[in-house]
1. Looking at the range 381-412, which of its residues are open to solvent by 60 Å² or more (accessible area, probe 1.4 Å) and out of contact with any strand residue (DSSP E or B) (no Cβ under 6 Å at 6 or more places or on another chain)?
2. For the structure I just gave you, tell me whether E188 is buried (at least 18 other Cβ atoms within 10 Å of the Cβ) and over 17 Å from W165 (Cβ atoms).
3. Cβ contacts < 8 Å: first residue farther than 29 Å from Q296 by Cβ and in contact (Cβ under 8 Å) with a residue 24 or more places away in the chain, restricted to the range 242-261; second residue part of a helix (DSSP H, G or I) and of a type in the set (D, E, K, R), any location; separation 6+ or different chain. Result?
4. Which of the following residues is assigned to a loop (DSSP other than H, G, I, E, B) and free of Cβ contacts under 8 Å to residues at least 24 places away in the same chain: G226, G222?
5. Suppose the filter is among the hydrophobic types (A, V, I, L, M, F, W, C) and in contact (Cβ under 8 Å) with a residue 60 or more places away in the chain; does V402 pass it?
6. Which of the residues belonging to the range 426-476 are of a type in the set (F, W, Y), touching a Ser or Thr at 6+ places or on another chain (Cβ under 9 Å) and either open to solvent by 10 Å² or more (accessible area, probe 1.4 Å) or over 27 Å from N345 (Cβ atoms) (or both)?
7. Might you check whether a residue that is open to solvent by 70 Å² or more (accessible area, probe 1.4 Å) and either in contact with a Lys or Arg (Cβ under 6 Å, 6 or more places away or on another chain) or on the phi < 0 side of the Ramachandran plot (or both) occurs anywhere in the range 315-328?
8. Counting just the residues of the range 298-310 that are charged (D, E, K, R) and over 30 Å from I200 (Cα atoms), which one comes out surrounded by the most Cβ atoms within 10 Å (Cβ to Cβ)?
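The values are calculated or read from the model by the stated rules, or taken from the named source; none is laboratory data. What you see is a predicted model; the values in this text were computed from it and never measured. Here Cβ is always computed from backbone atoms with ideal geometry, including for glycine, and neighbour counts include all displayed protein chains. With ligands, DNA and RNA removed, areas are computed over all heavy atoms of the protein, side chains included. Shrake-Rupley method; radii C 1.70, N 1.55, O 1.52, S 1.80 Å.
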Amino acid sequence: MTSSSDRSTAVDVSSPKTYEVRTYGCQMNVHDSERLSGLLEEAGYVPAPEGSDGDADVVVFNTCAVRENADNRLYGNLGRLAPRKASRPGMQIAVGGCLAQKDRDTIVQKAPWVDVVFGTHNIGKLPVLLERARVQEEAQVEIAESLEAFPSTLPTRRESAYAAWVSISVGCNNTCTFCIVPALRGKEKDRRTGDILAEIEALVGEGVSEITLLGQNVNAYGSDIGDREAFSKLLRACGSIEGLERVRFTSPHPRDFTDDVIEAMAETPNVMPQLHMPLQSGSDTVLKAMRRSYRQERYLGIIEKVRAAMPDAAISTDIIVGFPGETEEDFEQTMHVVRQARFTNAFTFQYSKRPGTPAATMDGQIPKEVVQSRYERLVALQEEISWEENKKQVGRTLELMVAEGEGRKDGATHRLSGRAPDNRLVHFTKPDQEVRPGDVVTVEITYAAPHHLLAEGAVLDVRRTRAGDAWEKRNAAEAAKPAGVMLGLPKIGIPEPLPAATGGCAAH
């Protein structure tokens, strides 16, 4: 674990330096970026004003390697900052994350104005590497081959006062042929249960009322010690934490999805009736080529058991269209699973080659026009199902946790937005009394669209919460200093679709 002395830097407190973190990729990167921000603030930096667009003393790129043309995107962004850095003495640029772990030897060669390159395993070293680069006046490249500290043990600057990620494991033991993550984040390493629960209790003490347990293969938790029921035990332990209202997790792997997890979800009141479980393909042939260790029957069997235990559960998934060798019959098998599973929503992706993965060199690469046609058919089917499933919510009375920044049109429509227990997004009429993010409102659903619900009547009840108090206190404190920097995916629960990130962290 990185010591506090390793993290300290000689930042001039009389004239605090500003920072900006730019995040690409999955929710694991978002979690890491919250820690990078926390480390920098502990070292004396302050967030650059919103919209500064690179006009900061330190700009950090937290990169993703599973995106198509990720390196071109990085170097394009670095190139745009080069003249700004040349005209601004003392400005520093750092590159971390999966692409840094992968391309450690080439980043400084291609962009010699970069000051620091660090990997996925040593994010805690960022402040000391920045200081070393400043003192020595040369680039510092330090890539650890194994994890130095769990992200959750480092300082943090969370983007939400009422909801938080909690990392329970890092790395992945699978060998999916479309995914490079295991090579970049290493084998799975589980965090001690006591440390996880202690962090959650501390977060609840700060006012957090919703947590999302995070891991590349979250339900494989316990593999380090050979306890196949460790994850279900963790879920049940979360149920005994007073003040913790909502527990979610992402993303589980069908291979490791056991009946005891379903029982724990159904029997633990604060574990939400929501499941995001990647399918990737409905064809047994394609699943085998992907090295996915389950088949269609196994996947649908899990869905059936979840629905039997939690009839109102919302289930979502990830699907790849056009994997090498996928035939029309294979694709129809995916369509069959979508019809049977009736996902609330699906994040659908067109397969594209990921450098360094076995799939990139497989025979049978599918022509772009064929992939596009299949993709459009799948999206149309899922849109139809999503709408039908959402229409079933009309007339229901739901408790919503009020969200911040999730309703882009809320200002114009005089509405607020919140998340139902199953994580559906609901826009509701703004009540006369004050409602804060983190508070809970009760509404009746009056209208359904494919991707959101409306509650157009009066709010039935408002419950002010400690989470709302925490938001209010934090908002008042933030008003007295520069606005924070958004990290790219500041959502709790199922993240927004990321068309180029399938197969990446926490998408297994």
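1. Of the residues in the range 381-412, the ones open to solvent by 60 Å² or more (accessible area, probe 1.4 Å) are 383-384, 387-388, 391-392, 394, 396-397, 399, 404-405, 408-409, 411-412.
Matches in the range 381-412: E383, E384, W387, E388, K392, R396, E404, G405, R408, K409, G411, A412.
2. Working: buried (at least 18 other Cβ atoms within 10 Å of the Cβ): yes; over 17 Å from W165 (Cβ atoms): yes.
Criteria met by E188.
3. G243/R466
4. Values: G222 fails: free of Cβ contacts under 8 Å to residues at least 24 places away in the same chain.
After ruling out the rest, the residue left standing is G226.
5. Numbers: among the hydrophobic types (A, V, I, L, M, F, W, C): yes; in contact (Cβ under 8 Å) with a residue 60 or more places away in the chain: yes.
Here the answer is yes, as V402 does meet what is asked.
6. Of everything in the range 426-476, just one residue is of a type in the set (F, W, Y), touching a Ser or Thr at 6+ places or on another chain (Cβ under 9 Å) and either open to solvent by 10 Å² or more (accessible area, probe 1.4 Å) or over 27 Å from N345 (Cβ atoms) (or both), namely W471.
7. Here is the first cut: in the range 315-328, the residues open to solvent by 70 Å² or more (accessible area, probe 1.4 Å) are 328.
Adding the requirement that they be either in contact with a Lys or Arg (Cβ under 6 Å, 6 or more places away or on another chain) or on the phi < 0 side of the Ramachandran plot (or both) leaves 328.
Yes - at least one qualifying residue is present in the range 315-328.
8. Residues of the range 298-310 that are charged (D, E, K, R), as a first pass: 298, 304-305, 307.
From what's left, over 30 Å from I200 (Cα atoms): 298, 304.
Numbers: R298: 15, E304: 12.
Residue satisfying both the conditions and the ranking: R298.
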